[in-house]
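The values are calculated or read from the model by the stated rules, or taken from the named source; none is laboratory data. Treat the numbers as computed from the prediction; the structure is a model and nothing was measured. In this analysis, Cβ positions are derived from the backbone assuming ideal geometry, glycine residues included, and neighbour counts consider all displayed protein chains. Each accessible area value is taken on the protein alone, full model and side chains, heavy atoms only, with ligands, DNA and RNA left out. Shrake-Rupley method; radii C 1.70, N 1.55, O 1.52, S 1.80 Å.
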Amino acid sequence: MSETWKAVERAIAARMNGKRTSNQGLGSAVPDVETPTYAVEVKERQQLPGWLLSAVTQARRNARGGRTPIVVLHQLGARHDDDLVVVRLVDFQELWGD
């Protein structure tokens, strides 16, 4: 079994000045990475959905005047409180810091 997910968690923890915690309680209710502000779940996939990557590209192309490109994902019939916001890690860090 590949263990690249551990390396990805370590890399995200380092980028966010956090701590990889998922090794402390595999199977328990512990986030993959913790920072003083965030409880981070890290999901690695061999390939991300093309439609999602296209949406991020479109948001980046259309973001002008220093605006941050984001994508809002809404499930038909769901409450908007449950919508998801997708932002590239580099843009997130520019907004919120480490």
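Odds and ends about this structure:
- Labels on offer are (1) 19, 15, 12; (2) 25, 16, 10; (3) 26, 17, 15, and the one holding semi-axes √(5λ) of the Cα gyration tensor in Å computed from this structure is (3).
- Angle between the chain longest axis and helix 50-62 axis [Cα atoms, degrees, rounded to 10]: 60 degrees
- Taking every C-alpha pair closer than 8 Å and separated by at least 6 residues, the mean separation divided by the residue count of the chain gives a relative contact order of 17 percent.
- Nearest-ten-degree value, helix 4-15 long axis tilted from longest Cα axis of the chain: 70 degrees
- The chain - percent of accessible surface contributed by carbon and sulfur, probe 1.4 Å: 53 percent
- Theoretical FRET efficiency, 1/(1+(r/R0)^6), r = Cβ-Cβ of Trp51 and Asn17, R0 30 Å, to 0.05: 0.40
- Ellipticity estimate at 222 nm from DSSP helix runs (n ≥ 4, -39,500 (n - 2.57)) divided over the chain, nearest 500: -10000 deg cm²/dmol
- Unit charges at the beta carbon, dipole of the chain: most positive-side option, Leu73, Pro49, Leu84: Pro49
- Annotation: extensible slack from Asp83 through Glu44 equals 12.0 nm (criterion: 0.36 nm per residue apart, minus Cα-Cα distance).
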